[in-house]
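K.L.:
Structure incoming, see below.
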Amino acid sequence: VQLQASGGGLVQAGGSLRLSCAASVIGISTYDMGWYRQAPGKQRETVAAITSGGVTNYADSVKGRFTISRDNAKNTVSLQLNSLKPEDTGVYYCHARYSASLYPQYWGHGTLVTVSS
C-alpha cells in the first residue's frame with residue numbers, strides 16, 4: 001500500500017498550495033483520510049480529516065483557511081491551503097484509516113510546505 005503525497009513547496013505568507021495524496025492498492029472509499037503535519041522540533045499534529053462518509057474536521061488553527069476533499073473515483077484526497085502563514089510550515093503527511101475497524105492504517109512519506117514571511 002502506498003500513499004503518495006505531492007504538491008508541497010515554498011510559498012510566501014498569504015499564498016496558497018494544493019496538496020494531493022494518491023493511494024495505490026487500497027480503495028480509499030472505505031477509509032477515513034487525514035492530513036497531519038510536523039513542524040521542526042514539534043510533534044506531528046492533525047490538520048484535517050475526512051471520513052469515508054465525507055464528514056470533515058479541522059484543527060482550530062486552520063479552520064477557514066484549509067479545505068480537505070476526497071475523490072473516491074480517482075482514489076485521491078486533497079488539501080487546499082489558503083492564506084498560508086509561516087507557522088503552517090512543516091512536512092505534511094497523508095494518512096488512511098480503515099473506517100469500520102480503525103485498522104489497518106497507512107502513512108504517506110510526506111511533502112514539505114515552507115511558508116516564508
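K.L.:
Against the condition part of a helix (DSSP H, G or I), open to solvent by 50 Å² or more (accessible area, probe 1.4 Å) and not hydrophobic (A, V, I, L, M, F, W, C), how does Ser29 come out, does it pass?
P.N.:
Here the answer is yes, as Ser29 does meet what is asked.
K.L.:
State the number of residues belonging to region 43-55 that are part of a loop (DSSP other than H, G, I, E, B), touching a strand residue (DSSP E or B) at 6+ places or on another chain (Cβ under 8 Å) and either modelled with pLDDT under 95 or hydrophobic (A, V, I, L, M, F, W, C) (or both).
P.N.:
0
K.L.:
A further question follows. Can you name the residue in region 1-33 that is more than 16 Å from Val113 (Cβ to Cβ) and small (Gly, Ala, Ser) and, of all such residues, is modelled with the lowest pLDDT?
P.N.:
Looking at residues that are more than 16 Å from Val113 (Cβ to Cβ) and small (Gly, Ala, Ser), I get Gly27.
K.L.:
Moving on to the next point. Provide a single number: the residues in region 56-73 that are open to solvent by 40 Å² or more (accessible area, probe 1.4 Å) and not in a strand (DSSP E or B).
P.N.:
6
K.L.:
Okay, moving on. Quick one: Ser24 ticks every box in (1) loosely packed, with under 14 Cβ neighbours inside 10 Å; (2) over 14 Å from Ala73 (Cα atoms); (3) out of contact with any Ser or Thr (no Cβ under 8 Å at 6 or more places or on another chain); (4) polar (S, T, N, Q) except a single one, so which number is it?
P.N.:
Tallying (1) loosely packed, with under 14 Cβ neighbours inside 10 Å; (2) over 14 Å from Ala73 (Cα atoms); (3) out of contact with any Ser or Thr (no Cβ under 8 Å at 6 or more places or on another chain); (4) polar (S, T, N, Q), Ser24 fails exactly one: (2).
The values are calculated or read from the model by the stated rules, or taken from the named source; none is laboratory data. Predicted model, so just to flag it, every value in this text is computed and none were measured. Reconstructed Cβ throughout: ideal geometry from the backbone, glycine too, with neighbour counts over all protein chains shown. With ligands, DNA and RNA removed, areas are computed over all heavy atoms of the protein, side chains included. Shrake-Rupley method; radii C 1.70, N 1.55, O 1.52, S 1.80 Å.
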